[in-house]
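The values are calculated or read from the model by the stated rules, or taken from the named source; none is laboratory data. Note that this is a predicted model, so its numbers are computed, not measured. Backbone-built Cβ (ideal geometry, glycine too); neighbour counts: all protein chains shown. We work out accessible area using only protein heavy atoms, side chains counted, and drop any ligands, DNA or RNA first. Shrake-Rupley method; radii C 1.70, N 1.55, O 1.52, S 1.80 Å.
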Amino acid sequence: MGDIEVVDGAFAGLRGTVLSQTSHEINVEIALFGRPVPVSLRPDQVRAAGAAGPAVTPKTPHEILRGKIVSDHSRLAGIDAFTFFVERVAVPEDDLASEWDAYLRRYSDAQTRARTLEQAALDRFDRELGGLPDHEAQAAIDSDEAYWHPARVLARSLEQAARDRPTEPTPELGDIARWDGEQPDDPLVLARERRDRAELAAQGREHEQWRASRSPDELRALPARGNPGRYAYAQQPHIEQPDLPEPPPAILDASPLFAAVLDGGAPMPADQAAALLEKFHQTVAEVSVAHAADNPAMFTRLVVVHQRISRTMVASRRLDVIQEFVRHETRKQYNVVGLLLAGGVGDVAFPSNPWGIPATAGLTEALRLVWAPIAVKAPKFVAAAHHRTLALALLTGPDGDVNLGYVTWWRYDDHDEGVPPTSLDSFAAADSDSIDLVVGAAPHLADPTIDVPSLAGPAPRPIRDLWAVHHRLAHTVGDGIGGDLGSNILEWFADESWQVAGHRIGDLPPDRFVSGPGASNYETYVFDLDELDPDGNPMVGCWDNKQWQIYDRKPYWRWLNTSGAGLVWRWPDDGK
C-alpha cells in the first residue's frame, strides 16, 4: 500500500507515500509546502488514503519490491539528465546559460521517458511476478536489473566510466592541475560544478531580464530579485498560525521618574560618582587613541580600566550613575525609567511597558515574563538570559522608542556557562568578570498575511515569535540577532554583477539568501529560502564574510539555542 493519510500527530491531514516499515514504525514521505519530507510515524498514526478504517497494515514482500521499483524510476530522470553535463566536461564554456536551458529540456524529456518505463515495469510486475513467491520475484528482478532498476544501473555506469576514462577538464584547468602536480579532477565532480555554474549563469540572465523590465523607481523601491522560482519558500502555502496577542499599551509618560535620583543599598557619594564618570569618559578617549596608535599593551590596560569603571558604576545601584553608563555604551541619550537589580536592592519600579512587566516585579520575574513567549522553543537561549543578566533597565530614547537594557556578565576564560557573581559588589571587585550591555528593542508584531519583499512571502513564524519579544537584540558593539528582513545578498553587492555576488557565497544564487537572523563582526547569519526545516521555515546558515562561503545550516530554534545564544549572551556553543 503506497498512498496513506496521516490521521494523528503534527502532520495529521497530510497524505504521503510509505517508504519502508516495521512492526512498530512506518517511514513516510509527505509533501510539506511542495517539498518531499521523510518522517517516521507509528502504525496507528496513518491509514490508507481515502479509507475510513484503521491504520495501514504492514506491507507484504511483493508491495515492498514494487515500491523499490517506483523509487528507482523516480531517480532515473535526474541521473539521465546529469549525463548532459558529464558529456560536456571538456567542452569550452561559451554559453553556460544556454547549457542550463538545454539541461532542463533534457530533464523534462527524461521525466516523460521515466514515467513510461515505470508504468511498463509495474504492469509487467503485476502480470508476471505478482503471483510468484517473494524469493522468486526477487530473483527475477535481480536477473534483469537494467529493466527493473534502470537508475541504479545508469548511476553505476557513470561511476565506472569516470574510473576507466578520466576526462580532462577544460584546457585551462588541465594546465593548472598539471603545473601543480595534480591529476585532473573526477569528471563527475567537474560535471556537478559545471551544472552549478550553468544554473548560476541562467539565474544571472533572468536577473538582468528582470532589471531591464523595471523602471528606475521600481528598482529603488524593490529588493534585488533574480529568478522568481528561487523563492520556493514564499510560493508555498504556509501553516495557519493564531494571531499573536496584542501587546500592553505603549509606555506612558514617565517624566516624574526622569528627574528622580533613587539611592539603594550602599550609595556612592556624589563626588565619587562625578570623579568616576569623568575618569570613565577620559578612559574611553584614551582607549580610542591607543587603538589608533596600534599599542596593544596600552589598549589592553585601558580596556581593563574601562571594565572596572563600568562594573563599579552598575554596582553603585544608583539610577543616575547607571543611566550615564547606558548613555556612554549606546552613544544615545537614553533615560533609565525603571531598574531591576540582582538582589533587589536599588530597584526602581517599571512604569507601564510593552512587555507587561508589573511595578511589583523583581529581576527574575521580569525576565520570566519577557521571555515566556519562546521559553519552550528556545530553552537554552532563555536560560542563558537568566544566567547572564545582573540588571534590567527600562530605557526611553529621545525619539520616543522604548527598549530593555540587559546588563550582563561573562568571563574570557570560561569554557562553559560559568558561575555567576554572588552580588553586584563582588562583581565590581572581580577583574576576571567582564560587563556587557545588550539592548532589546520593543516588540514588533508582524502580520503573517503581509509579504516581506525580500522573501516574496510572509516572515517565517520563528522570527515573528522572536519579534514578539524583541524586534532586535544586540550588543552595543554590534553582535546581535533579529531586525528587519530587508535585503538579500545580491543587494549587498548592488554595484557588482550577479556572478560576482554569487562568487562571494560559494557560487550560489545570491537572491537565495536573506539577512535577518543575526550577525557578528565577521559572520552574517542568513535565511536559506531553498532549504527548509520540517515545519517549512527557511534554515539559518552562517555566511563567513572572509571565506566567502555559507555553511552550518540549522533550523531556526536550534540556531538560536547555539549560535544565537553565543552572539547575545556570550554563551558557549555546544552545537546542540
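Quick look at the values:
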{"item": "Region 418-500: chymotrypsin sites (Phe, Trp or Tyr not before Pro) in DSSP coil with no more than 14 other Cβ atoms inside 10 Å", "result": "none"}
{"item": "Packing-based ranking, highest mean first, of 110-123, 342-355 given that Cβ atoms within 10 Å are counted", "result": "342-355, 110-123"}
{"item": "Burial ranking of peptide ranges 325-332, 566-573, 93-100 (average Cβ count within 10 Å, highest at the top)", "result": "566-573, 325-332, 93-100"}
{"item": "Leading residue at positive end of dipole, region 345-402 (Cβ point charges), from Ala378, Pro351, Gly362", "result": "Ala378"}
{"item": "Volume in Å³ per residue [convex hull over Cα atoms, computed for region 393-505]", "result": "190 Å³"}
{"item": "Average accessible area per residue (Å²) across region 337-474 - probe 1.4 Å, nucleic acids and ligands excluded", "result": "36 Å²"}
{"item": "Relative packing of peptides 132-142, 82-92 - highest average C-beta neighbours within 10 Å first", "result": "82-92, 132-142"}
{"item": "Karplus 3J(HN,Hα) series, Hz, for region 527-534 with 6.51 cos²θ - 1.76 cosθ + 1.60 (x for Gly, Pro)", "result": "7, 9, 6, 9, 10, 10, 7, x"}
